[in-house]
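Structure first, then comments.
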Amino acid sequence: MSEEILLEPPVAGSEADTLIGSLERQRRTFAWKCADLDAAGLNTRLAPSTITLGGLLKHLALVEADYFTLRLLGEDPGAPWNTVDWEAEPGWEWRSAADDSPEELYALWGAAVARSRAHVRQALAEGGLDRLAHYTGRNGDSPSLRRILADLIEEYARHVGQADLIRESIDGRVGEDPPAGFVY
């Protein structure tokens, strides 16, 4: 994998670049669906769901920290994640997003993505896609980096679909690909 951020998977590339490019395409599309919105836009809901774009930003920041920092490397995910009593406050990230400014939400997600990219580069250097995560599941197995990347692609793809519907309801933005030149 190169240091360059892939915009999509290569047509004929390595397995690592294909997985990472797929994840980056989902991240980029998600960023475009959430881009340039004020607090009202980020708090828009479609009945009967309570999901908002702000909640999705904060949730996906948590997912990035959980999978690529805590599970993959066994490192402290940092604030705000390590300050929450998750047993007492399940779903905290979804509810608390309404109290955060758009700038805070965009920065939180952006920083989580940047850390994740660095952690993936580190894991690739330490063992490639076969590198096992620090995390051990209930069955005693540790997932490989390959499996973690596949899980994150699925997570983003599901949430990009939700973001697509919410964003269309706000201002009519539709489409599956950000415009050329879109940077996040």
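For the reader, a short list of remarks on this structure follows.
- Computed over protein heavy atoms with a 1.4 angstrom probe, the accessible surface ordering of Leu57, Leu108, largest first, is Leu108, Leu57.
- Converting phi to 3J(HN,Hα) with the Karplus coefficients 6.51, -1.76 and 1.60 and the offset θ = phi - 60°, the range 85-97 yields 8, 5, 6, 7, 10, x, x, 3, 4, 5, 6, 6, 4 Hz in sequence order, with x at every glycine or proline.
- 3J(HN,Hα) couplings calculated from phi for the range 126-138 with the Karplus curve 6.51 cos²θ - 1.76 cosθ + 1.60 (θ = phi - 60°) are, in sequence order, 8, x, x, 5, 7, 4, 7, 6, 5, 5, 10, x, 4 Hz; Gly and Pro show x.
- Amide H contacts under 5 Å for Glu8, placed H, 5+ residues apart: none
- Just so you know, the Rg over Rh for the range 1-80 is 1.06, from Cα atoms, with Rh as the Kirkwood radius.
- Size of charge dipole - the range 104-160 - debye, nearest 20, with Cβ of Lys, Arg +1 and Asp, Glu -1, no other charges: 100
- Annotation note: GluC sites (Glu not before Pro) in the range 1-79 located in DSSP loop regions with a Cβ neighbour count of at most 16 within 10 Å are Glu3, Glu4, Glu75.
- Note on the chain: dipole from Cβ charges, positive end direction compared against Gly54, Leu165, Thr18; the farthest Cα belongs to Thr18.
- Principal axis extents of the Cα atoms in the chain, from largest to smallest and rounded to whole angstrom, are 44, 44, 26.
- Heavy atoms of Glu8 accessible to a 1.4 Å probe, total area in Å² rounded to 10: 100
- Loop sites in the range 1-98: trypsin sites (Lys or Arg not before Pro), DSSP, at most 16 other Cβ within 10 Å: Arg45
- Calculated [θ] (222 nm, deg cm²/dmol) that DSSP helices of n ≥ 4 give over the chain, each run adding -39,500 (n - 2.57): -17000 deg cm²/dmol
The values are calculated or read from the model by the stated rules, or taken from the named source; none is laboratory data. Everything quoted here is computed from the prediction, not taken from an experiment. Here Cβ is always computed from backbone atoms with ideal geometry, including for glycine, and neighbour counts include all displayed protein chains. Surface areas here come from the heavy atoms of the whole protein model, side chains and all, with no ligands, DNA or RNA. Shrake-Rupley method; radii C 1.70, N 1.55, O 1.52, S 1.80 Å.
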